[in-house]
Each structure stands twice: as structure tokens, then as C-alpha cells.
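Chemist: Here it is: the structure, laid out below.
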Amino acid sequence: MFSLRRLVDAIFKVLSGFAIVLFTLLFVVVMTQIILRYLFNSPLVWSDEFAQYAFIWLCFIGWLMASRNNQHIVITTVIGRLSESNRKIMLFFIEIAAIIFSCVMLYEGYAITLRNVTVSTASLFFPFAVVYAIVPVFAAVAILVSLVKILDLFVPEAAQEASENGEARS
């Protein structure tokens, strides 16, 4: 199971790098669009569409990163009043619900991606499947993140060892 954590860590290294490159590219394209539109009166045709699709991908990647690091907004009214063992059980069921949701997203995301392989974007050079591909990618990684969180709940040594090795807590 500890190889699962290493797999998730490797995936997040790639995702983090990809997010940095994509955000930088998004910033450069939007700034170039502003300069070309307002200074030279010659806007790029494709920049708005690219910005929308890049933002969609960045939102899903950010969702994964926040989920992995337990940084989502949480209301702790109920869970804060539970005993440690009941809290673990509640967190377990929360992760199971997340896995079920992710499985639905994986199935539906894969289906919608396949349906859009032959549909072209309005002004860019790739099919809409590229835009929709983030959904099954997100879902698969979210399932792995939830499995690591479940592992951390019931094998405390795994979470402790990960924090001692400088790995992100899942």
C-alpha cells in the first residue's frame, strides 16, 4: 500500500508542474490578448477560448490538490463532537462517498470524452475531447487520493512515516 502513496506523490508532482506551466501559459496568452487588442487593435481569435479551457483544467487540478491536502472548507459541527473511533468511521464513509462520486465522474467523464473526439473546438486546433479529458483524469486521481486517506485513517504508521519523510499528508 505504501507504493500507492508513492504513486499519488508522483502523480501530484506531475500535476503540480503541469498546473504551473498551464497557469503561466494562461497568463501569457491573456496578457498578450490585452496588449494586442487595446494597443494594436488586432486581437487573437483563439485566446478567449483557450483561457476558458485552461481555467477549467486548472480548477479541476486545484480541486485535487485541495482534496489531497485537506484544504477544502469543512463544517465540523458533527464530526468535532464524535469520539476518535467514531470520527474515523465517519471519515471513512466520507471517503467512500468521495470514491463513489469519483467512480460516477470517471464513467460519465470517459463517456463524454469519447463522444467529443470528433467535435472540434471553435477556434483551436484540437477536439473537445481534450477539454473533457480532465474529468476522467480528475476522477481517477481522486479515487487514489481517497484510498490513501483511508489508509491513513486505519494505518496510522503510514501517515506518520509519510510526514517524517516529508511527503504531503493525504
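The values are calculated or read from the model by the stated rules, or taken from the named source; none is laboratory data. None of these values were measured; they are calculated from a predicted model. FYI the Cβ positions are ideal-geometry reconstructions off the backbone, even for glycines, and counts take in every protein chain you see.
Chemist: For the stretch 79-102, name all the residues that are closer than 30 Å to Phe128 by Cα and surrounded by 13 or more Cβ atoms within 10 Å (Cβ to Cβ).
Modeler: Across the stretch 79-102, the qualifying residues are Ala98, Ile99, Phe101, Ser102.
Chemist: Inside the stretch 103-152, can you point out the residues that are aromatic (Phe, Trp, Tyr), over 15 Å from the mean Cα position of the chain (by Cα) and in a helix (DSSP H, G or I)?
Modeler: Tyr107, Tyr110, Phe128, listed by residue number.
Chemist: Restricting to the stretch 27-72, give me the number of residues that are in a helix (DSSP H, G or I) and farther than 16 Å from Ser123 by Cα.
Modeler: Within the stretch 27-72, residues that are in a helix (DSSP H, G or I) and farther than 16 Å from Ser123 by Cα number 24.
Chemist: Look through Ile75, Ile100 and report the one residue that is in a helix (DSSP H, G or I), at negative phi and not aromatic (Phe, Trp, Tyr).
Modeler: Ile100
Chemist: Looking only at the stretch 103-116, count every residue that is surrounded by 12 or more Cβ atoms within 10 Å (Cβ to Cβ) and either of a type in the set (A, V, I, L, M) or in contact with a helix residue (DSSP H, G or I) (Cβ under 6 Å, 6 or more places away or on another chain) (or both) and tell me the total.
Modeler: 9
Chemist: Could I ask something else about it? Among (1) under 22 Å from Ile134 (Cα atoms); (2) touching a helix residue (DSSP H, G or I) at 6+ places or on another chain (Cβ under 7 Å); (3) at pLDDT below 95, where does Asp9 come up short?
Modeler: The failed condition is (2).
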